[in-house]
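**Q** Pasting a structure below so you can have a look.
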Amino acid sequence: MTKRQDLAWWQKTIAYEIYPKSFYDTAAQGSGTIAGITAKLDYLASLGVGAIWITPCYKSPMVDNGYDVQDYRQIDPSFGTMADMDELIAKGNEKGVRVVMDLVFNHTSEQCAWFQESRKSRDNDYADWYIWRDARPDGSAPTNWRSIFGGSAWAWCEERQQYYLHTFAPQQPDLNWENPDVRRALIDIANFWADKGVGGFRIDAITYIKKPAEFVDGPADGEDGMYAVHAATANTPGILDFLHEFKAAVRDGRDIFLVGEANGVAADELGDWVGERGVFDMLFEFSHTKAVSCEDEVWCRPIQWKLTDLKRVLAESQANTADNGWYPIFFENHDQPRSTVNFFRCEGSTADKAKALGTVLLTLRGTPFVMQGQELGYANRVWKSLDEFDDLQTRSQYEFALTEGRTEAEALAGCNRFSRDNARTPMQWNDGKNAGFSEADTTWMPIHDNYAQINVEAESADPNSPLSWYRRLAALRAERDELVAGSFEELMAEDEQVYAFRRQGEGSAAVVLANLSDEPAAYDAALVAGMKLLVGTHGEAEAGSLRPLEAVVYGS
Ligand code: NOJ
């Protein structure tokens, strides 16, 4: 049986995702800064957070908010300087909050010096650093692949008289990992950051780095006659060889972790990707987010899902990381709508939903990843028109909906429900100007209307708030070994209201029961026989029954 003392630091801690543009602004400019993260380290430590994943803050034209990197060795001036970053890493390490950098290695910005060279000719030193192909005889793109953000995955380069591949936006050309010089350059960048003392890396869009040997058209999967690039290129055999090379050159011998973002890897493939045999310490796979919302890449249609669908895929991920590797638990990130909307199909208070799902997040087996604002119980924002959105993907989803024959109202409703911007509105620190996020007159993204109630200051003072609940559960994890190291056994797997499981440790056990519905629910009181209530969202609880959206943790 696993013991807490045998686990690595990153398995025992809570990780927290920071979208730096929206975290805290120390420059009165309307968008967040690196110094703003340093200023809030004590807040993060108060949540039991030991690792902060910061989405890209490198020099970038910000077409995709930093996921289009111009220079991996510079901080974008809008966030501050490298000295600010060095200070954050150093102060964070002092306080036990390690910085996790986001490596965007499937593609660069078109402004990256490598691409600027590559585009000039077919025979310069960087000519083969990207994926270039000739046009078809009629001048059209080499294949009918549709990029993830919509439109063709190929863009024409006048200078070179060739097309280049972009899995995401045209401003994000894909790197050619077949070229050993590219791989060497990326490894050097990762080591540059590892040498600065960061605690790990989140590696972006990793399933797309290997392209198939032959580039061929796929069957049209939409009205536009195109075929999703994801289906054509994700998880191409041979990809793991690249990643083993990367792991050996960057991860081995260091006390850091690698978490890959791996859309396209199924829960039952986890064994090849993580742990002893694998290439990462943890892998963000999306079987559970897909179970509740996304039907396809380009336009998210609400689907009818049941709690048992969600529980089934989560149980699979738990099983597949039980003896090998480790699971990163997440219900939100900067690409997902807020979980209080995404993971519930019932009425009821947003705060109660945040606490019930937060209980699951902080007690499943694995390292919880909290998205900034999730601990406050954010809901989606109400977006009144397309103009209010910033995200390029949301805009293209809106356009795509119209080409599929939806009305403007339907397209806007879809964006409200699914837009990535829901996760990107600024942090709400207090009920003052701009929710305490910025002293500027305007902010880069609107502040949520609910900031007078939903903010760190107000929730810290309220023992029943989602924030207080997160702090309580973080303290419970620190005390109870089984919640960190214990095994996972699902209970009541067929129940459509209650998510229940048992964590068995060496000398102690816990049973978690979360009613994720807005109706009262019953369970067999024998499940918690001989145990005492450790924490409950609604105060005292009665064994055998749960109030709507009530969550409890019992322990022996
Ligand atoms: C995944 C990132 O999480 C997302 O925000 C980004 O747009 C794409 N990869 C492209 O880098």
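**Q** Would you check which residues across the stretch 477-523 are outside any loop (DSSP other than H, G, I, E, B), among the hydroxyl-bearing types (Ser, Thr, Tyr) and either in the same structural domain as Leu361 (by TED's automatic domain parsing) or surrounded by fewer than 21 Cβ atoms within 10 Å (Cβ to Cβ) (or both) and list them?
**A** Result: Ser487, single match.
**Q** Among the numbered conditions (1) more than 16 Å from the ligand (Cβ to nearest atom); (2) open to solvent by 10 Å² or more (accessible area, probe 1.4 Å); (3) at pLDDT 95 or above, tell me where Gly199 comes up short.
**A** Of the numbered conditions (1) more than 16 Å from the ligand (Cβ to nearest atom); (2) open to solvent by 10 Å² or more (accessible area, probe 1.4 Å); (3) at pLDDT 95 or above, the odd one out for Gly199 is (2).
**Q** Next question. Scan the stretch 179-212 for residues that are polar (S, T, N, Q) and more than 18 Å from Leu165 (Cα to Cα) and jot them down.
**A** Asn191
**Q** Also: Hey, could you check the stretch 321-355 for residues that are under 20 Å from the mean Cα position of the chain (by Cα) and part of a helix (DSSP H, G or I) and say which is farthest from the ligand (Cβ to nearest atom)?
**A** If we filter the stretch 321-355 for residues that are under 20 Å from the mean Cα position of the chain (by Cα), which is where we start, we get 321, 325-344, 353-355.
This time we only want the ones that are part of a helix (DSSP H, G or I), so: 339-342, 353-355.
Values: Ser339: 16, Thr340: 20, Val341: 19, Asn342: 16, Lys353: 24, Ala354: 22, Lys355: 26 Å.
Ranking the qualifying residues of the stretch 321-355, first place goes to Lys355.
**Q** Hey, Leu270 hits all of (1) in a helix (DSSP H, G or I); (2) open to solvent by less than 20 Å² (accessible area, probe 1.4 Å); (3) modelled with pLDDT of 90 or more but one; which does it fall short on?
**A** (3)
**Q** Among the candidates Glu87, Glu117, single out the residue that is more than 16 Å from the ligand (Cβ to nearest atom), touching a helix residue (DSSP H, G or I) at 6+ places or on another chain (Cβ under 7 Å), modelled with pLDDT of 95 or more and open to solvent by 50 Å² or more (accessible area, probe 1.4 Å).
**A** None of the other options fit; the residue is Glu87.
**Q** May I ask you to say which residue of Met82, Met62, Met101 is among the hydrophobic types (A, V, I, L, M, F, W, C), within 16 Å of the ligand (Cβ to nearest atom) and surrounded by fewer than 23 Cβ atoms within 10 Å (Cβ to Cβ)? Even if it seems obvious, please write down each step before you answer.
**A** Working: Met82 fails: within 16 Å of the ligand (Cβ to nearest atom); Met101 fails: surrounded by fewer than 23 Cβ atoms within 10 Å (Cβ to Cβ).
One residue alone meets the criteria, Met62.
**Q** Now for a different question. What number of residues within the stretch 209-220 satisfy the criterion of being touching a Phe, Trp or Tyr at 6+ places or on another chain (Cβ under 9 Å), touching a residue at least 40 places away in the same chain (Cβ under 8 Å) and either part of a helix (DSSP H, G or I) or not aromatic (Phe, Trp, Tyr) (or both)?
**A** Filtering the stretch 209-220 down to residues touching a Phe, Trp or Tyr at 6+ places or on another chain (Cβ under 9 Å) leaves 209-211, 215, 217-220.
Now restrict to residues that are touching a residue at least 40 places away in the same chain (Cβ under 8 Å): 209, 211, 215, 217-218, 220.
Subsequent filtering for residues that are either part of a helix (DSSP H, G or I) or not aromatic (Phe, Trp, Tyr) (or both) retains 209, 211, 217-218, 220.
Qualifying residue count, the stretch 209-220: 5.
**Q** OK, next. In this structure, does Ala409 turn out to be crowded, with 22+ Cβ neighbours inside 10 Å and assigned to a helix (DSSP H, G or I)?
**A** no
**Q** Okay, next question. Can you find even one residue in the stretch 118-133 that is part of a strand (DSSP E or B), of a type in the set (D, E, K, R) and more than 28 Å from the chain's Cα centre (by Cα)? It would help to see each step written out before you state the result.
**A** Taking the stretch 118-133 and keeping what is part of a strand (DSSP E or B), we get 130, 132-133.
Next cut, of a type in the set (D, E, K, R) only: 133.
Next cut, more than 28 Å from the chain's Cα centre (by Cα) only: 133.
The answer is yes, given that some residue of the stretch 118-133 is part of a strand (DSSP E or B), of a type in the set (D, E, K, R) and more than 28 Å from the chain's Cα centre (by Cα).
The values are calculated or read from the model by the stated rules, or taken from the named source; none is laboratory data. Everything quoted here is computed from the prediction, not taken from an experiment. Virtual Cβ from ideal backbone geometry, glycine too; neighbours counted across all protein chains shown. Each accessible area value is taken on the protein alone, full model and side chains, heavy atoms only, with ligands, DNA and RNA left out. Shrake-Rupley method; radii C 1.70, N 1.55, O 1.52, S 1.80 Å.
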